[in-house]
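Please read the structure below before turning to the comments.
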Amino acid sequence: MTRHSLWTLLILWLLAFLVTGCGREPLYQNQAYVFGTLVDISIYGENEARAQQLSAHVLQEFQRLHDSLHAWKPGSELDRLNMAIAAGKQVRITPELAGILTDAAKLSAQSDGLFNPAIGHLIGLWGFQRDEFTPVHPAPAEIRKWVEANPRMADITVTRQYASSRNPSVKLDLGGYAKGYALDLASNYLRNEKVKGALVNIGGNIIAIGAHGERPWRVGIQHPRQAGPIATLDLPDGWAIGTSGDYQRYFEIDGKRYCHIIDPRTGFPSAAMQAVTVLIPPVPHAGTLSDVASKPLFISGVAGWQEAARKMNIENALMIDPSGAVHLTPGMRQRLRFEDKGVKIEE
């Protein structure tokens, strides 16, 4: 992660602290670095010892998922599956990964393939399967090879805890799914533990449990080109929010920005948006949907985001296009408080 990215996440954390921590009620916060990003857990209404125990359990689960679903760490469960796929073999997987693959395949089909965790070869080709990014521009023939191979989630078969792929070009990278899945795990655990209020933030993917006393949690949406939030909003119980942007995982060549969000249709990093934020009501797997749904809207751009939102059943979304103009759904407009009063808004 770049220094700018860490500063951006610190700004978000400070905003959450200032907004939610100004009362005298017990508020415990714990931070860690997991999934390649900053994780913040805020727990309201519990004594420090119990809050510490609860947050430690959540962070342990996050680390377990990170180790299991790591796309390029040798020995991870996902790495073993990718090796088997490349060799044309099937491999036994855990029930958890089987469920993840089945769900991710459904969401990929729903997005018409714009959310596509099977394009790991393209993600790696652009240098985004490493801890530090260095500018790289792959050969057009190499990009074309992986696009024409057409790896899809539909190529994967999961039966009786075994997984295989009819297409050896499939290489799974669940970076656009795992954080949301982790949010749902954390939410379910904290609710089962009868926590009065909590806010779990994984690098800008956030879910709310309960409230902060008598008021809802308030969160900020990072401005993609400036320090601090472009807007804030209240996040009620069970709601989740997720953002995809070109300002954290990216590099530049000759003044052109290349971000980690790859368009499966072209094999190139998408430049269709600067950022997309989706707000998900308390539906099943709200955290997962908040992570997944922003990608199809981002890749679809100004001309196609509304259709992508319809297909993903997204009613509340904010898009910032390449010119910096803001596009909003009516529902999202009603919820936001814009910090920049001069922002250009198109509803």
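The values are calculated or read from the model by the stated rules, or taken from the named source; none is laboratory data. This is a predicted model, so every value here is computed, not measured. Every residue, glycine among them, receives a Cβ derived from its backbone with ideal geometry; neighbour counts consider all protein chains shown.
Points worth noting:
Here is a yes/no grid of residues against (1) within 25 Å of residue 204 (Cα to Cα); (2) at pLDDT 95 or above; (3) under 22 Å from the mean Cα position of the chain (by Cα):
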site	(1), (2), (3)
90	no, yes, no
96	yes, yes, yes
125	no, yes, yes
139	no, yes, no
143	no, yes, no
153	no, yes, yes
172	yes, yes, yes
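- Among the residues listed as 261, 320, 280, 299, the single one being crowded, with 17+ Cβ neighbours inside 10 Å and over 15 Å from the mean Cα position of the chain (by Cα): 320
- Looking at 265, 218, 225, 257, just one residue is of a type in the set (Lys, Arg), at negative phi, part of a strand (DSSP E or B) and touching a residue at least 60 places away in the same chain (Cβ under 8 Å), and that residue is 218.
- Residue check, residue 330 without any contact (Cβ under 8 Å) to a residue 40 or more places away in the chain and either more than 15 Å from the chain's Cα centre (by Cα) or within 20 Å of residue 224 (Cβ to Cβ) (or both): yes
- Candidate set from segment 149-199 (those that are out of contact with any Ser or Thr (no Cβ under 7 Å at 6 or more places or on another chain) and among the β-branched types (Val, Ile, Thr)); member that is surrounded by the most Cβ atoms within 10 Å (Cβ to Cβ): 170
- If you check 300, 290, 244 for being under 27 Å from residue 173 (Cα atoms), polar (S, T, N, Q) and touching a Lys or Arg at 6+ places or on another chain (Cβ under 7 Å), only one passes: 244.
- Being in contact with an Asp or Glu (Cβ under 8 Å, 6 or more places away or on another chain), without any contact (Cβ under 8 Å) to a residue 60 or more places away in the chain and of a type outside the set (Phe, Trp, Tyr) holds for only one residue in 141, 118, and it is 118.
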